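Note sheet for the following structure.
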Amino acid sequence: MIDPAEREAIARARDAVLARIAAAARRADREPRDVELVAVSKTVPPERVRAGIAAGLTVLGENRVQEAEAKRPLAAGARWHLVGPLQSNKARLAVETFDVIETIDSLELAARVGRIAVELRRAPLAVLFQVNVDADPAKSGWDPGALEAALPALVGIDGLRLDGLMTVGRQVAAADEARPTFRALRDLSERLRAADPRLGPALSMGMTDDFEVAVEEGASHVRVGRALFGERR
Ligand SMILES: *Cc1c(COP(=O)(O)O)cnc(C)c1O
């Protein structure tokens, strides 16, 4: 059962987020439709996720493979992005569960996911490379130089569609402090794509506290949880 009041509340939150994305896009001379809203539903109960889909959310993000596996059957029609770290022993389940894996952070993981995608006839599976732009020891992701060095091997892996890059910004007191991180990811994307255009242009960056700055800096995907579903418990 979908609670109509819950659906209405999420629809209003979605409209507000989309309006903010559109305003930020226009400030940067971009088209609002070039920014995709990934609704991060981690910890949100399945019934509320269904209300969110009924409210018009079409792309969902989860950071745990098993949580998404449990929710996915209840949420037909949505596309699912993995936005949390992927352990190699969960790679098979992740390939079965997600439409996009945003958190590929090593050559070994990329090769494994590609192999499984071919085997399960999910190829080419869309992936992003997560970059640890700020060299934050608490975060996973590629060191930018290491990603650049690995790119020739990465583009040779079968079964993957290399859509682009993703980053998780530092916790900042003010949204504008996240700008250098987002700008650095965009610069890295441009440099890598100049070396090999088989890497796509997607830039997944920006969350509830800083998605407008990310859009101004070129985000193609923003990953928004709390502004849509409310504070997490
Ligand atoms: C939780 C999470 C988000 C969403 O964060 P909010 O602050 O709720 O918008 C985005 N990206 C990743 C990787 C996350 O883990």
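Numerical summary
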read-out: Paramagnetic label zone (point 7 Å from Cα along Cα-to-C-beta, residue 135; backbone N under 15 Å) in segment 170-188; value: 181
read-out: Alpha carbon centroid spacing (whole Å) that separates segment 96-164 from segment 64-89; value: 17
read-out: Charged-residue dipole, Cβ positions (Lys, Arg, Asp, Glu), segment 1-74 about Cα centre, Debye nearest 20; value: 140
read-out: Within the chain, helix-based [θ] at 222 nm, where runs of 4 or more DSSP H residues each add -39,500 (n - 2.57), nearest 500; value: -12500 deg cm²/dmol
read-out: Residues residue 26 and residue 64, FRET efficiency given R0 of 41 Å [Cβ-Cβ distance, rounded to 0.05]; value: 0.70
read-out: Theoretical gain in end-to-end length, residue 155 to residue 15 [0.36 nm per residue, Cα-Cα removed]; value: 46.6 nm
read-out: Size of electric dipole in the chain: Cβ of Lys, Arg +1 and of Asp, Glu -1, about Cα centre, debye, nearest 20; value: 560
read-out: Cα lying deepest toward the dipole's positive end in the chain, options 23, 142, 229, charges on Cβ; value: 229
read-out: Column: log10 I(q)/I(0), Debye, Cα scatterers of segment 1-40, q = 0.16, 0.22, 0.28, 0.35 Å⁻¹; value: -0.48, -0.71, -0.91, -1.11
read-out: Mean separation of Cα contacts under 8 Å, 6 or more apart, over the residue count of segment 1-119: relative contact order %; value: 20
read-out: Counted charge near residue 124, where neighbours are those whose Cβ lies closer than 14 Å (Asp, Glu -1; Lys, Arg +1); value: +1
read-out: Dipole magnitude of segment 42-153 about its Cα centre (Cβ charges: Lys, Arg +1; Asp, Glu -1), debye to nearest 20; value: 540
read-out: Relative contact order of the chain, pairs being alpha-carbon contacts under 8 Å that are 6 or more residues apart, as %; value: 20
read-out: Which of 46, 194, 168, positive extreme of dipole for the chain (C-beta unit charges); value: 46
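All of the numbers you see were taken from the coordinates with simple rules; none came from a lab. Please read these numbers as outputs of a predicted model, since none were measured by experiment. Here Cβ is always computed from backbone atoms with ideal geometry, including for glycine, and neighbour counts include all displayed protein chains.
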